[in-house]
Amino acid sequence: MYDSSEKKRIAETRAVDATDQEIIEKAIDDGLETAWDRLADQQPQCGFGQLGVCCNRCAMGPCRIEPFGKRPTRGVCGADADTIVARNLLDDLATGAAAHSDHGREVVEVMLETAEGRSQGYHITDETKLQAVAAEYGIRIDKKKKEEVAKELALSLLEEYGTVKGRLQMAERAPAKTKEIWKKLGIVPRGVDREIVECMHRIQMGVDADYTNILLHAMRTALADGWGGSMIATECSDILFGTPKPVKTRANLGTLDIDKVNIALHGHNPILSEMIVQAALDPELVKRAAGKGAKGINLVGMCCTGNELLMRRGVPVAGTFLDQELAIATGALEVMVVDYQCIFPSLPQTASCYHTKVVTTSGKTRIPGAIFREFRPDNAYDTAKEIITLAIDNFPNRNPSRVRIPAKPVDMMAGFSEETIRKALGGTYKPLTDAIVAGKIKGVVGIVGCNNPKIKQDYGHITLGRELIRRDILVVETGCAAIASGKTGLLMPEAAEMAGDGLKSICKAVGIPPVLHMGSCVDNSRILVLVARVANELGVGIGDLPVCGAAPEWYSQKAIAIGTYFVASGVYVVLGIPPKIFGSANVTNLLASQLTGITNACFAVEPDPMKAAVLLEAEINRKRKALGI
Ligand code: BF8
């Protein structure tokens, strides 16, 4: 076993946040296996896999290409490194796009069932947004009831997934110049499912072998995600649960409550978590909790479900991707309820060291050792009550000698939907663009994405965020990046003190933090809408704006889709973790350089967030110069 100074050293290497470090030490004491241990077990990781030159697609393989030009230079089928790397990338991207988009479809289905009176406990909440989106789809409002409009809209949105219509309505939100580029490249997205299925077709052996052609389809599929599946998820969630407005809440593992029944809501889709929030207020359940000796029911969010809940309800967030095991390691969690995506399959094993129960709720996500309670729109409220009851009844099983909750949650502010930001600026983006033209704000960077145990938890996000605001660059965030900033205080208006003078003066005048939390990962679509509106107001393309993106700690295939739709839309993106493409000089060259001549944006890879800030500022300056500002 480790002595205390060794434990401290390990915890400090793994995470930045003091509450995380405290629980990492406890996990070591408890003999708990975590992602960091499993990463160590995997060393050395396969070099062929890291370079993307390993192909395991068919039964002639697996094959691998020798990266230094010696034999073998081709797989058994004859595919070279370019084909293999591009195909692997397309496969990953399709997986990510499918995850976002299938989540989006489920929200539309709930909207349809709600409109038809077939769901339990859901309502059409934001009528203004319902009408605005319906108008885009050419739906006449007249004197129709909101449910009728919602039904027509849901049916139109389901068509966006198919192949008959052949275009995505929401992609029309992009500026004319940006759409012109897509048209010229032949990458206008035709339908969400269509593009994803075509990815699967193209990566079958004997179909697409031209890396450029493969990468173009990757961009089209990514656009179908960003301007399709993800945007649909965001808009329909707003219609059902409300468009976020500024809200204050708290973050980190200290949001767990020693006296209450603790339930962590982990995953992505708000259709599950919103219902649990409603059900937790049920007097019958509150009474039951008291009967078990608890002072109440404490809900905390995790990952993107956490973001959905804090954006709309101000529910405290316990942490990011790498906090899912640590939340259990506090010994204070009665239930972790999950839907899908970013859920470690090992969670039931982690939970078995404590009294915690892991509850899965989607037929798509069954995990051995977890309790399954299927969550359907027609039984949503009842199932939510059942899950909370399970947690309450588990409260007496908590072993007080194994509980440690870090003392202090950090205050944070969230809820910056595109609508909220525009409203705060007085209805148009002119005040923002004026500040950019005047140089008070140099530009805007979206920091997005995950944690990855290959990098100290949250270090990439918060170091880059701090460095950018210091350079008078406004930061907008989503996903685990935003939670990381919340844990470190960057999402409070007081953080403006850390910003450069120009950005500080604007933040103080408007009363906003220098880092704005815009939501979950599907809510990157809010950033797309924001930049589209700014570009439209200025009569330019998205690629002309001094706007960049960064994913300092990404791990997920979803991040590949996100990065690619930003680049395809004209936004330069810096990745902190290398993608598996370096086995092909051609693929690398296209993505990291040649694309600039086409979309005016490309990818860069820079693991050091301080150096990434330099790259991002240089790109912002390049675009400012081109605009003559
Ligand atoms: O979709 S940022 S670790 S939680 S993948 Fe997952 Fe990454 Fe977190 Fe949300 Ni996004």
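By the scheme Lys and Arg +1, Asp and Glu -1, what is the net charge of all other residues having a beta-carbon under 14 Å from that of G628? Let's see the in-between values first.
Details: positive: R622, K623, R624, K625; negative: D544.
Net charge in that neighbourhood comes out at +3.
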Label-point gap, in nm, between K145 and R622 - each point 7 angstrom along Cα→Cβ: 5.6 nm
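By how many nm would the segment from V197 to Y2 lengthen if fully extended, with 0.36 nm per residue of separation less the alpha-carbon distance? All intermediate terms of the calculation are to be shown ahead of the outcome.
Details: separation 195, 0.36 × 195 = 70.20 nm, distance 5.00 nm.
Extending this stretch completely gives an extra 65.2 nm.
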Probe 1.4 Å - accessible area at S362, Å² to nearest ten: 20 Å²
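Take every Cα pair under 8 Å in the chain that's 6+ residues apart, average their separations, divide by the length, and report that relative contact order as a whole percent. Kindly include the intermediate steps, with their values, before the conclusion.
Details: 1345 pairs, mean separation 105.8, N = 629.
Contact order relative to length: 17 percent.
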Ordering of 405-413, 264-272, 93-101 by packing [mean C-beta count within 10 Å, highest first]: 264-272, 93-101, 405-413
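Tell me the mean residue ellipticity at 222 nm calculated for the chain from its helices only (DSSP H runs of n ≥ 4, each -39500 (n - 2.57), averaged over every residue, nearest 500). Before the final figure, lay out each step's value.
Numbers: 27 runs with 300 residues, N = 629.
It comes out at -14500 deg cm²/dmol, rounded to the nearest 500.
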Violating pairs (Cα-Cα greater than 27 angstrom) within the set K183/K623; K8/K364; K442/K508; K408/K440; K260/K454; K248/K423: K8/K364; K408/K440; K260/K454
Cα→Cβ-extended label distance, 7 Å offset, between Q278 and D608, nm: 5.2 nm
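By average Cβ neighbour count within 10 Å, what is the ranking of 462-469, 155-162 from highest down?
Working: 462-469: 24.9, 155-162: 19.0.
Ranked from most to least packed, the peptides come out as 462-469, 155-162.
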For A289, net neighbour charge (Lys/Arg +1, Asp/Glu -1) across residues whose Cβ lies under 11 Å away: 0
Estimated FRET transfer efficiency (K292, K248; beta-carbon r; R0 41 Å; 0.05): 0.85
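State the extension gain, in nm to one decimal, for the chain segment bounded by L155 and R167, taking 0.36 nm per residue of separation less the distance between their alpha-carbons. Mind showing how you got there, number by number?
Working: separation 12, 0.36 × 12 = 4.32 nm, distance 1.52 nm.
In short, 2.8 nm is gained.
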Estimated distance in nm for a label pair at A59 and V76, the labels positioned 7 Å out from Cα along Cα-to-Cβ: 1.0 nm
Low-density loop positions, trypsin sites (Lys or Arg not before Pro), region 12-97 - DSSP coil, at most 12 other Cβ in 10 Å: K70
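Put T389, T125, T178, T428 in order of accessible area, largest first, 1.4 Å probe: what do you get? List each step's numbers first, then the result.
Values: T389 35, T125 80, T178 5, T428 60 Å².
The residues order as T125, T428, T389, T178, largest area first.
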FRET E, pair T128, N213, Förster distance 56 Å, beta-carbon r, rounded to 0.05: 0.85
Modelled FRET efficiency - R0 41 Å, T596 with D29, Cβ distances, 0.05 increments: 0.20
Reach of K504 by Cα under 15 Å, taken over aspartates and glutamates that are not fewer than 8 positions away in the same chain: E467, D472, E494
In range of the label at S346: residues from region 445-483 whose backbone nitrogen is under 17 Å from the point 7 Å along Cα→Cβ: 451-457
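For G191, what is the net charge nearby, where nearby means another residue's Cβ is under 13 Å from its Cβ and Lys, Arg count +1, Asp, Glu -1?
Values: positive: R105, K165, R167, R190, R194, R220; negative: E159, E160, D193, E195, E198, D225.
Spelling it out: positives minus negatives among the neighbours equals 0.
A 28 angstrom limit on the alpha carbon distance is what I want to check against. Which of K177/K558; K70/K456; K245/K456 exceed it? Display every interim value, and only then the final one.
Details: K177/K558 26 Å; K70/K456 36 Å; K245/K456 32 Å.
Correct reply: K70/K456; K245/K456.
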Hits among lysines - C-alpha to C-alpha of K146 under 18 Å, sequence gap 8 or more where chains match: K129
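The values are calculated or read from the model by the stated rules, or taken from the named source; none is laboratory data. Predicted model only: the values in this text are computed from it and were never measured. Every residue, glycine as well, gets a Cβ built from its backbone with ideal geometry; the counts of neighbours run over all protein chains shown. To get the accessible areas, we keep the full protein, side chains included, count just its heavy atoms, and leave off ligands, DNA and RNA. Shrake-Rupley method; radii C 1.70, N 1.55, O 1.52, S 1.80 Å.
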